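Colleague: One structure follows; several queries about it will come next.
Readers should treat all values here as calculations from the given coordinates under stated rules, not as data from a laboratory. Here the structure is a predicted model, which is why all the values come from computation and not from measurement.
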Amino acid sequence: MILEDGEIDLLALDQGVKVAVEVRTVTGGDDPIDAIGAGKRHRVQRLARQVRAQRVDFVGIRLDQDGVVFHWVPGGFLTSGPRIPSFS
C-alpha cells in the first residue's frame, strides 16, 4: 500500500487483527531480519498507525543456492511497541 510518506508491503488480517507487514528479501547467507534496522522499524510503525493497523509483523526471505528460507516474525501490538527478536 503506497502512502504519502512511504509504503507498507502488505496489509493482512490475523483473526480479526489488522496487521501491517514489512517484507525484506536478501540473497546469500545473511539473515534478512537483520537487514531491517531501527529506522525502518520506526517508519513501518508510523505508517502502520496511519492505516490503523493494530500490529506490525516482519517477514524475511533469504534466497540462496539451497532454496528459499522464510522467517515470519510477529512484531507486537502498536500500543505496546513492536519487537523484533534476534535470529542468531
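Colleague: Give, in whole angstrom and from largest to smallest, the semi-axes √(5λ) of the equivalent ellipsoid of segment 31-73, with λ running over the eigenvalues of the Cα gyration tensor. Intermediate results must be reported in sequence, preceding the final value.
Modeller: Working: eigenvalues 126, 25, 8 Å².
So the equivalent ellipsoid measures 25, 11, 6 Å along its semi-axes.
Colleague: Against the longest alpha carbon principal axis of the chain, how many degrees, from 0 to 90 and to the nearest 10, is the axis of helix 38-50 turned?
Modeller: Taking Cα atoms only, the helix is inclined about 40 degrees.
Colleague: Further question: Return the Cα extents of segment 1-77 along principal axes one, two and three, sorted largest first, each rounded to a whole Å.
Modeller: Here the Cα extents, ordered largest to smallest, are 39, 28, 19 Å.
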